[in-house]
1. Given Asn54, Asn103, which one is in a helix (DSSP H, G or I) and at pLDDT below 95?
2. Consider Lys19 carefully, then state whether it is loosely packed, with under 10 Cβ neighbours inside 10 Å, in a helix (DSSP H, G or I) and not acidic (Asp, Glu).
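The values are calculated or read from the model by the stated rules, or taken from the named source; none is laboratory data. Computed from a prediction, not measured in an experiment: that's the story for all the values here. Neighbour counts run over all protein chains shown; Cβ positions are idealised from the backbone, glycine included.
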Amino acid sequence: MVLKTNIENTLKGFETRIKELEQSNEELRSQYKYLEEKVREREVEANAKQETINFFEEKIKKREVETNAKQETIDNLKEKVREETKAKQEIINNYDENTSRKNISSNSLDFYTLSCENLFSTAGNTITEN
């Protein structure tokens, strides 16, 4: 009888322990489900953040392309200005050179005219004196 009572007590102890383990198991399952839900929420947040990052990266790439195109336009305009400035300077230099030539020609002509006048007046004086 003692053996039977010991076995029954041991059996009741096992049943109690099984119930405790089942309850603990349920608590662990509940915690696991809670943590799974948190992981899903974080994944959704991470995906949303990644989409935002991708959006801004794409926007940055577009702006870089626009900036490069604008810089190319600026560089082209600067080159045109340099070429036009150079061409204008050449025109000015040619004009100055032509003006100098005309002045030299004019001065030479004036000198020639004066020389001729002096020559003729000297020759005229010589002729009249004789």
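1. Details: Asn54 fails: at pLDDT below 95.
Asn103 is the lone residue from the list that is in a helix (DSSP H, G or I) and at pLDDT below 95.
2. On the way: loosely packed, with under 10 Cβ neighbours inside 10 Å: no; in a helix (DSSP H, G or I): yes; not acidic (Asp, Glu): yes.
In short, no.
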